[in-house]
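First comes the structure, then the notes that go with it.
What follows draws every value from the coordinates through simple rules; no lab data is involved. None of the values given here were measured: they were computed from a predicted structure. Glycine gets a Cβ as well: all are built from the backbone with ideal geometry, and neighbour counts include every protein chain shown.
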Amino acid sequence: MAKKPKAPRTPSILESAEGLEKLFLTGRRRRDQDLESAVRVFLEFLKGFESFTFTRPCVTVFGSARFPDGHKYYEMARALGRELARAGFAVMTGGGPGIMEAANRGALEGGGLSLGCNIRLPHEQHANPYLDQFVEFDHFYVRKVMLVKYSCAFVVMPGGFGTLDEAFETLTLIQTGKIERFPMVLMGKKFWGNIRGFAQKSLVAEKTVAPDDLKLLKATDSPKEVVAHIKEVLRNHLRPVQRKRGTKALAAKAKRST
């Protein structure tokens, strides 16, 4: 096959940039800092992996840092934390105030284990006082990995850009098979209604996602319903998957030994 002719390469914008503009445009590409950045990220992962010591199944709760004690969503998250704890789950959050604090607080009130992955920010974020174990991170990327790594279910409470980022990344990991089809629940049906409508009317309509992808999400306002849904999915979906994988592994091992 003949190669398609290429247009002449245009000069880099750096050739016409000067002073602070040039420094800004080159600042993110300085190779002398790449190794240092990689080492910092690695050490932060290592700190996270070494810090958490628990064995019970864990549910991660995402949500805004901005809802105060007494707000309806704060109280909803607090009730959720209690129900999850009473059902025998550990509760993990981003470790900050608002929804995160409420879920951790409820977990302790329910006699459960309360975990947090806090992020260091120049404003707003600080570790809440309702944590049995927590780690502070400098990198959002490392923090998000830790929030997903240990959990078998995810609950998304109302929130802003950060909550949406966490929710859609987790949903993408499930959709693409990077993690199991763990249950994922949206709490606050009124809050999430427009986003679910957008997904149906735009994403599904334009075929950028499949209709079945929306079935990965359940919406409810009931903490008890969240717990019941998580238990049902774990019992009816994940166990057959694990058995199937275990059977394949045994078959592969038997084949290698022959």
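Tabulated data for the structure shown
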quantity: Ellipticity estimate at 222 nm from DSSP helix runs (n ≥ 4, -39,500 (n - 2.57)) divided over the chain, nearest 500; calculated: -14500 deg cm²/dmol
quantity: Net charge over other residues, Cβ less than 14 angstrom from the Cβ of residue 207 (K, R count +1; D, E count -1); calculated: -2
quantity: Extension gain from residue 228 to residue 205, taking 0.36 nm per residue of separation minus the Cα-Cα distance; calculated: 5.2 nm
quantity: Straight-distance crosslink candidates among aspartates and glutamates, where the alpha carbon sits under 18 Å from residue 190 and sequence neighbours closer than 8 are dropped; calculated: 75, 221, 225
quantity: Range in the chain, longest, excluding exposed GluC sites (Glu not before Pro) [loop by DSSP; at most 10 other beta-carbon atoms within 10 Å]; calculated: 19-205
quantity: Pairs of Lys in region 1-159 closer than 28 Å at Cα, counting only those 8 or more apart or on different chains; calculated: 4
quantity: Prolate/oblate/rounded call for region 43-247, Cα gyration tensor, a/c under 1.5 rounded; calculated: rounded
quantity: Inter-centroid distance (Cα atoms) of region 15-85 relative to region 114-189, Å; calculated: 8
